[in-house]
Amino acid sequence: MILENKVALITGGAQGIGKAIAHELGRHGAAIALVDIQTESAQATAEELKQQDIACEPFVTDVVDADAVADLMKNVVDKMGSLDILVNNAGITRDNLLVRLKDEDWDQVMAINLKGAFNCTKAAARPMMKARSGRIINMASVVGLTGNAGQANYSASKGGIIGLTKSTAREFASRGINVNAVAPGYIETEMTGELTDEARTNFLQNIPLQRPGTPEDVANAVKFLAGPDAGYITGQVLQVDGGMVM
Ligand code: NAD
């Protein structure tokens, strides 16, 4: 139980990668603050965790709303006792070629993927600095490193996440807070379910380990970065991509 007595807040925890992270951190002893914008699936996932004897509270919050996020962090500390691990996982795609990309698709992706992580980091930093310890894990993507045709908005947001990770790692290091990013490759979730068959085949042809990743593959990396074995690691981007980008 390497995460016993830790409280982990996971944004976008209702489904996909976030849900797998909630299960994995919970399985290793963490109490889970499960944050999502979808009320019903957040509650359903929280119930699922409780049935496995994992302490879990669902919180319905839009990560874009800075005031709501500030209240959320206060509520989590009041209700659950502390805030030790923050996983900035909520994210969306609105793919299109740049010349067809609508302003609102650019703005929405940047707001949720990048500003959302900023809002949560800023609000979580206060209790973590006070405790002089904490772990922040940001969900980037390999396309934040390589770029991807049809994903200018999404890759820019994920490249931004990498910059946010490195800057906050430097700012928070003296306060005992480690900040790292995980960059998944092609992981099968509802998000990638929207891809065309052609895009899926294209991704699979470029994976040396010859299979798509699972949400659990990503959750394992997050558990490592959240746990005691990663105490001397900060400002890093850990790729979980079957070797797609190297
Ligand atoms: P998903 O769409 O299955 O889940 C995303 C979750 O985020 C949903 O539960 C959704 O309700 C929640 N969410 C969306 N907007 C929100 C908001 N404003 N406030 C709070 N919650 C919000 O996606 P996923 O595949 O599980 O992706 C999770 C993260 O991993 C994302 O940041 C994504 O960019 C990243 N990622 C995914 C892949 C992949 O192949 N699936 C690859 C690289 C990176």
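The values are calculated or read from the model by the stated rules, or taken from the named source; none is laboratory data. Quick caveat: nothing in here was measured; it's all calculated off a predicted structure. Note that each Cβ is placed from the backbone with ideal geometry, even for glycine, and that neighbours are counted across all protein chains shown.
Details
- In the range 128-229, counting only helices (runs of 4 or more DSSP H) that sit wholly within it, the ones holding 2 or more residues that are basic (Lys, Arg) span 152-172.
- Residue match in the range 9-16 (condition: under 18 Å from Ala219 (Cβ atoms) and in a helix (DSSP H, G or I)): yes
- Within the option set Leu72, Leu9, Leu34, being more than 17 Å from Met128 (Cβ to Cβ), buried (at least 23 other Cβ atoms within 10 Å of the Cβ) and within 15 Å of the ligand (Cβ to nearest atom) holds for one residue only, Leu34.
- Residue match in the range 47-57 (condition: closer than 30 Å to Gly144 by Cα, in a helix (DSSP H, G or I) and at pLDDT 95 or above): no
- Among the residues of this structure, Ala90 counts as one that is under 16 Å from the mean Cα position of the chain (by Cα), buried (at least 16 other Cβ atoms within 10 Å of the Cβ), within 22 Å of Val237 (Cα to Cα) and near the ligand (Cβ under 9 Å from one of its atoms).
- Selection within the range 127-164: residues that are in contact (Cβ under 8 Å) with a residue 60 or more places away in the chain and either among the aliphatic types (A, V, I, L, M) or closer than 20 Å to Met80 by Cα (or both). The member of this set that is nearest to the ligand (Cβ to nearest atom) is Met139.
- Filtered residue count, the range 174-231, keeping only those that are in contact with a helix residue (DSSP H, G or I) (Cβ under 7 Å, 6 or more places away or on another chain), free of Cβ contacts under 8 Å to residues at least 60 places away in the same chain, near the ligand (Cβ under 10 Å from one of its atoms) and not hydrophobic (A, V, I, L, M, F, W, C): 2
- Condition check for Val109: surrounded by 15 or more Cβ atoms within 10 Å (Cβ to Cβ), outside any helix (DSSP H, G or I) and within 12 Å of the ligand (Cβ to nearest atom): no
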